[in-house]
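Only the coordinates and a few stated rules stand behind these numbers; no lab work does. The structure displayed is predicted, hence computed values, not measured ones. Methodologically, a virtual Cβ is constructed for each residue, glycine included, from the backbone with ideal geometry; neighbour enumeration extends over all protein chains shown.
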Amino acid sequence: MSFLYVHGGLTPAQWITLLPILILSATIVFVTGAIAIKRHHWWNATISVAGLNLALLPLFVHFWLPQLWTLPLPQTVTPLLGIDGYACFYMAMILVTALATATLSHAYMEGYNGNREEVYLLLLLSTLGGLVVVCSRHFASFFIGLELLSVPLYGMAGYLVKERRSLEAGTKYLVLSAVASAFILFGMALIYSQMGTLAFAEIGAHIGVIGGSERSVIVLGSAMILVGIGFKLSLSPFHLWTPDVYEGAPAPVTSYLATASKTAVFALLVRYFVEARAYQMPSLVNVLSALAILSIIFGNVLALRQDNLKRLLAYSSIAHFGYLLVAVIASGPLAVEAVGVYLLTYVVTTLAAFGVVTLMSSPYNDHDAEDIFDYRGLFWRRPYLTAILTVALLSLAGVPLTAGFIGKFYVITAGADKHLWLLLAAVVLGSAVGLFYYLRTMIQLYLRQRWVQKYSAPLNWAQGTGGAMVVLLMLAMLLLGIFPTPFIALVQAAGLL
Amino acid sequence: MPSLIAQNWAFGIYVAATLAIVFLMLGLSYVLGGRARGRAKNDPFESGVVSPGSGHLRISAKFYLVAMFFVIFDLEAVFLYAWAVSIRQTGWVGFMEVLVFVAVLLIGLVYIWRLGGLDWAPLSRTQRSRSLPTLYRDPASAPQPKPQA
């Protein structure tokens, strides 16, 4: 790490841009200390949430109050981390997701008898990994960030140790994630063997002039990295772990797994494709197209007959990442914008859907409330939660006036711009099939059974922060669908370097 | 191809001869040797002593914990060596960096100490006070929190 010291450390501007990462790291140490002093669920959760908010503060001011103060962007902090508008946008998104997960965890863990405090520690660690991943411009920081992102997730997925399925989910995720990491490492080694560098930009600078057998080794290395990333994003045919892990993991952890961890990896994939000029390898783009089509087909078809809401959302997330890949393949500035908008809408929607599942469930109720049967006639018991879930499902289906429509619109625009008709046909067909199972689930919510009493269960506002958060997410979904301009402006401002 | 055989025939014969000797020795002792059967004769046993009891010992999980802590802190110490060899080049910035590193480790140590990770005797012998936080609380045996409606 001699490069750190040759110039006598970091400049003040670099320290300031690193603030979110530094504050989050400090929070982790602080929470560790706080747990050691006293196990207290509310206190430890509050400290974690406060730390996340503090880390979010500079990003919030930068994006929403630019007349007050802005981060001195872009900064290259050592060759490892590059903090630009793009990174800041995704950092903010991951931090907000972590905040939502923390509030959901608080509502969920209240009913848990074991140690509840470490879930926040793991969540913060994983979030830190996500921040590093979206800032990374170098294979070393990419790998460190990716491991920091996924290793705490094993613990989180298996957090309810006494429950067979939770433990199974944790173990499965551990094994498959380790395999994916091994693929990524080997791919990096292959690329390094030909390039002699690990920095994305330097790889991109040289990739055009390299030919012959060296080029094929680089293509092979990139393909192996793609396999690893496919595992993390659960693209078909690397999707087999997804439904089991989603089902077994505690509901708030599933929401984090489905949003923050995938967002971080996807943001990195786009950056790698743009900076390392992976577009110049047509074979790689073809593979990506195949992955996209397979993901759309498998995700939607496998979700058709699901009776388990968590598994259904897992398959739907596979399909959604297939749609997202179409935007990546389209390439160009519009693609980066489309990915940003789509990820934003997806994250908001998925968080809301899993938020409702979380608020419906509690650990040691044997299992989470995940069977669609549990939700039958929910409207007659919990109308507010049902309304939120309805909007989330509509948004996932991409119905106009919800967030999902804007995202899908962007993907189709990006694809049509580059004449990717085959991929667009898959998107359209997939959406049509998707509509069936989203609506099928929705109908269940409103079925009036004879035995279902017509009363509104008291919304326990001890789960209040979680409830308020879900309501906010629903408003965000509608706002994104009806008046998306400010959000689009935000994404446009956060272009790559 | 013929040249390949010409170069390697000696090695081939060597391998064949080795295999032949092994099979000869094992085969002859199988054919000529005596056989005895007995109650414990087919068990694996050491130095002619029949082992009492089963080999499936139950080792306290604490040993696992101790091993894990050892590996963690041992690995962290390795990073200090990397600093030690470059102490002059890294200067004060490196010193501050290591200070932060060690401080974080220290917090980690306090964490596992307070949670009883360093109490290697079984719980009943140490009589930890109930007010201290614990490393692992069995959800099944813990007192039920007030139910959520």
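What do you get for the angle between helix A:421-446 and the principal long axis of chain A? Use alpha-carbon atoms, 0 to 90 degrees, nearest ten.
Taking the Cα atoms of chain A, the angle to A:421-446 is about 20 degrees.
Using a basic spin-label model with each label point 7 Å from the Cα along Cα→Cβ, how many nm lie between A:Val471 and B:Arg88?
In this crude label model, A:Val471 to B:Arg88 measures out at 6.7 nm.
Inside 10 Å of the C-beta atoms of A:158-168, what's the mean count of C-beta atoms belonging to other chains?
Working: counts 0, 0, 1, 3, 3, 1, 0, 0, 0, 0, 0.
For this peptide, the per-residue mean of nearby foreign Cβ atoms is 1.
I'd like the FRET efficiency for A:His419 and A:Gln14, computed as 1/(1 + (r/R0)^6) with the beta carbon distance as r and R0 of 35 Å, rounded to 0.05. Kindly include the intermediate steps, with their values, before the conclusion.
On the way: r = 43 Å, r/R0 = 1.22.
With R0 = 35 Å, the Cβ-Cβ based efficiency is 0.25.
Apply the Karplus curve 6.51 cos²θ - 1.76 cosθ + 1.60, θ = phi - 60°, to the phi angles in region A:288-293 and return the couplings in whole Hz, x for Gly and Pro.
Each residue's phi maps through the Karplus curve to give 4, 4, 4, 4, 4, 5 Hz.
Where in region B:61-101 is the amide nitrogen less than 18 Å from a point lying 7 Å along the Cα-to-Cβ axis of B:Trp120?
Only B:61-75 pass the distance filter.
Classify region A:108-196 as rounded, prolate or oblate, taking a ≥ b ≥ c as the square roots of the eigenvalues of its Cα gyration tensor: rounded when a/c is under 1.5, otherwise prolate if a/b is larger than b/c and oblate if not. The partial results should precede the final answer.
Numbers: a/c = 5.43, a/b = 1.98, b/c = 2.74.
Since a/c reaches 1.5 but b/c is at least a/b, the shape of region A:108-196 is classed as oblate.
Can you compute the FRET efficiency between B:Leu99 and A:Ala432 using 1/(1 + (r/R0)^6), with r the Cβ-Cβ distance and R0 = 41 Å? Round to the nearest 0.05. Can you show the working numbers first?
On the way: r = 60 Å, r/R0 = 1.47.
Step by step, r from the Cβ atoms, then E = 0.10.
Which order results if A:Lys38, A:Lys172 are arranged by neighbouring Cβ count within 10 Å, fewest first?
A:Lys38, A:Lys172
What order, most packed first, do the peptides A:409-415, A:253-259, A:14-20 have when packing is the mean number of other Cβ atoms within 10 Å of each residue?
Packing proxy ranking, top to bottom: A:253-259, A:409-415, A:14-20.
Each label point is 7 Å from the Cα along the Cα-to-Cβ direction; what then is the distance between the points at A:Thr78 and B:Met25, in nm?
Reported label-point gap for A:Thr78 and B:Met25 is 5.7 nm.
What whole number of Å gives the distance from the Cα centroid of region B:57-84 to the Cα centroid of region A:201-238?
Spelled out, the Cα-based centre of one part sits 36 Å from the other.
Neighbour counts of other C-beta atoms within 10 Å: give me A:Asp84, A:Asp417, B:Asp74, A:Asp368 arranged from fewest to most.
The fewest-first ordering by Cβ neighbours comes to B:Asp74, A:Asp417, A:Asp84, A:Asp368.
Would you mind getting me the FRET efficiency between B:Gln7 and A:Trp43? Use the beta-carbon distance for r and R0 = 51 Å, nearest 0.05.
0.10
What is the set of long-range amide H partners of A:His138 at a cut-off below 5 Å, with H atoms built 1.01 Å from backbone N?
Answer set, sorted by chain and number: A:Phe200.
Under 1.5 on a/c is rounded, so check that first for region B:1-101, then, if it is not, pick prolate when a/b is larger than b/c and oblate when it is not; a ≥ b ≥ c are the square roots of the alpha carbon gyration tensor eigenvalues.
Details: a/c = 6.55, a/b = 1.56, b/c = 4.20.
It comes out oblate by the Cα gyration axes.
Once label points are set 7 Å from the Cα along Cα→Cβ at both A:Ser283 and A:Ile488, what is their separation, rounded to one decimal in nm?
3.9
If you count, for every residue in A:198-207, the Cβ atoms of partner chains within 10 Å of its Cβ, what is the mean?
Numbers: counts 0, 0, 0, 0, 0, 0, 0, 0, 0, 0.
Going residue by residue through A:198-207 and averaging, the value is 0.
Only helical DSSP H runs with n ≥ 4 go in: add -39500 (n - 2.57) per run for chain A, normalise by residue count and round the 222 nm mean residue ellipticity to 500 deg cm²/dmol.
Dividing the helical sum by the residues of chain A leaves -24500 deg cm²/dmol.
Please work out how much length the chain gains when fully extended from B:Ile107 to B:Thr18, using 0.36 nm per residue of separation minus the C-alpha to C-alpha distance, in nm with one decimal.
Roughly 25.9 nm would be gained on extension.
For the residues A:His419, A:His138, what sequence is obtained by ranking on other C-beta atoms within 10 Å, fewest first?
A:His419, A:His138
So for region A:3-493, taking the charge dipole from beta-carbon charges (+1 Lys/Arg, -1 Asp/Glu), which of A:Ala276, A:Leu304, A:Leu56 sits furthest toward the positive end?
With unit charges placed on the Cβ atoms, the residue in question is A:Leu304.
In a shell of Cβ-Cβ distance under 14 Å around A:Ala276, excluding A:Ala276 itself, what net charge do Lys and Arg (+1) and Asp and Glu (-1) give?
+2
Greater than 23 Å separation of Cα atoms is the criterion. Which listed pairs, A:Lys162/B:Lys62; A:Lys172/A:Lys232; A:Lys172/A:Lys408; A:Lys172/B:Lys62; A:Lys262/A:Lys310, meet it?
A:Lys172/A:Lys408; A:Lys172/B:Lys62
For region A:101-171 and region A:278-320, what is the centre-to-centre distance using only Cα atoms, to the nearest Å?
24
Is the protein assembly as shown rounded, prolate or oblate when judged by the Cα gyration tensor, a ≥ b ≥ c being the square roots of its eigenvalues, rounded requiring a/c under 1.5 and prolate requiring a/b larger than b/c? Don't jump to the answer; show the numbers that get you there.
On the way: a/c = 1.39, a/b = 1.22, b/c = 1.14.
Because its axes are fairly even, with a/c under 1.5, the protein assembly as shown counts as rounded.
Mind checking the angle between helix A:19-37 and chain A's longest principal axis? C-alpha axes, 0 to 90 degrees, to the nearest 10.
That works out to roughly 50 degrees.
Please average, across the residues of A:25-34, the number of beta carbons from any other chain that are within 10 Å of each residue's own beta carbon, and give a whole number.
Shielding by partners across A:25-34 averages 3.
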